[in-house]
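Working notes, beginning with the structure itself.
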Amino acid sequence: MTASKIPQHVAVIMDGNGRWAEQHGLPRIEGHRKGTQAVKRILKAAEDFGVKNITLFAFSVENWNRPKLEVAALMQLLESFLKEQKEQLVKREMRLRVLGRTSELPRSTQKQLRKTEQATQTFNNLTVGLALNYGSRTEVVDAVKAITLDAQEGLLDLNELDYEVFRQYLYTKEMPDPDLIIRTSGECRLSNFLLLQSAYSEIYLSDVLWPDFDKAEFGAALKAYASRERRFGKTAQQLTS
Ligand code: IPE
Ligand code: IPE
Ligand code: MG
């Protein structure tokens, strides 16, 4: 694969933990636990393939509607994952950025997230976006509110407002828009994930459940991406001439 065909930013909807657990006769949380191992594998794979930005959808604003026990277990799992991975992130010079309404997360989780973000903020080997309490609609509404305030205070001239300016108000402002979105577990929807940023993303759907997703599957997604022709509104002839 030539370097130019490697996506700069891959975003992943990590789906299928619950079904994996069910298939193995285990409680749902065991599927989530197994899912964290897949996260480690995919971070390593992204590093190996030379992907510079990866965003992982870990918890949506809608996921609060799950049973209380599952939500609590997910938060705990996340916290211990971060504690355990902080050293690795530093060692491998990976930068963590959290995308979402973090103020609504448990205090201890917020603290762990802040610590990890601070400890990794100068690194640029791989930027890892962790979408947590993330919802695209909330993100856009928050951005519009912030833009309105800035305009009222004279900090922003609305005549200058275009997408490049608008995107500076999104959680993903420090990352390029995703070139490739992967969703596992065979579902074919975006579930309120990066709706604006995915305007021109290539989408890859895998039938594999997230806990089984590995480097080979990730490689297959990158290969499919490399074979796609992105036109951005132009004709195919324009691209070859
Ligand atoms: C994805 O797996 C993880 C989260 C949404 C937190 P699911 O828990 O949605 O797994 P399924 O869809 O029930 O199999
Ligand atoms: C999307 O998965 C959210 C995450 C992967 C964190 P869901 O399993 O919550 O999505 P729906 O509800 O099936 O659309
Ligand atoms: Mg699901």
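Summary table
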| item | result |
| --- | --- |
| Test: I203 is in contact with a strand residue (DSSP E or B) (Cβ under 8 Å, 6 or more places away or on another chain) and open to solvent by 50 Å² or more (accessible area, probe 1.4 Å) | yes |
| Criterion: open to solvent by 30 Å² or more (accessible area, probe 1.4 Å), within 16 Å of ligand 3 (Cβ to nearest atom) and either without any contact (Cβ under 8 Å) to a residue 24 or more places away in the chain or more than 22 Å from P176 (Cα to Cα) (or both) - qualifying residue of P67, P106 | P67 |
| From G35, G18, residue being within 16 Å of ligand 3 (Cβ to nearest atom), free of Cβ contacts under 8 Å to residues at least 40 places away in the same chain and open to solvent by less than 60 Å² (accessible area, probe 1.4 Å) | G18 |
| Selection within segment 16-44 - within 14 Å of ligand 2 (Cβ to nearest atom) and not in a helix (DSSP H, G or I) | G16 |
| Checking C188 against (1) open to solvent by less than 40 Å² (accessible area, probe 1.4 Å); (2) touching a strand residue (DSSP E or B) at 6+ places or on another chain (Cβ under 9 Å); (3) within 16 Å of ligand 3 (Cβ to nearest atom), the condition it does not meet | (1) |
| Residue under evaluation I147, criteria (1) closer than 30 Å to Y204 by Cα; (2) open to solvent by less than 30 Å² (accessible area, probe 1.4 Å); (3) touching a Phe, Trp or Tyr at 6+ places or on another chain (Cβ under 8 Å), criterion not met | (1) |
| Any hit, segment 77-86, residues being away from ligand 2 (no atom under 16 Å from the Cβ), open to solvent by 80 Å² or more (accessible area, probe 1.4 Å), not aromatic (F, W, Y) and not in a loop (DSSP other than H, G, I, E, B) | yes |
| Every residue from segment 2-54 that is away from ligand 1 (no atom under 14 Å from the Cβ) and aromatic (F, W, Y) | F49 |
| Residues that are over 17 Å from the mean Cα position of the chain (by Cα) and within 16 Å of ligand 3 (Cβ to nearest atom), drawn from segment 70-91 | E70, V71, A73, L77 |
| Residue under evaluation D157, criteria (1) of a type outside the set (G, A, S); (2) in contact (Cβ under 8 Å) with a residue 60 or more places away in the chain; (3) loosely packed, with under 12 Cβ neighbours inside 10 Å, criterion not met | (2) |
| Flag for E160 being over 21 Å from R95 (Cβ atoms) and in contact with a strand residue (DSSP E or B) (Cβ under 7 Å, 6 or more places away or on another chain) | no |
| Close pairs from segment 185-196: first of a type in the set (F, W, Y), partner buried (at least 16 other Cβ atoms within 10 Å of the Cβ), Cβ under 8 Å, at least 6 apart | F193/A11; F193/I13; F193/F57; F193/S60; F193/A131; F193/Y134; F193/S136; F193/I181 |
| Residue list for segment 216-241, restricted to those being closer than 19 Å to S206 by Cα, open to solvent by 70 Å² or more (accessible area, probe 1.4 Å) and hydroxyl-bearing (S, T, Y) | S227 |
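The values are calculated or read from the model by the stated rules, or taken from the named source; none is laboratory data. Predicted model, so just to flag it, every value in this text is computed and none were measured. Note that we place each Cβ from the backbone using ideal geometry, even for glycine, and neighbour counts take in every protein chain shown. Please note that ligands, DNA and RNA were not included when accessible areas were found on the heavy atoms of the full protein model with its side chains. Shrake-Rupley method; radii C 1.70, N 1.55, O 1.52, S 1.80 Å.
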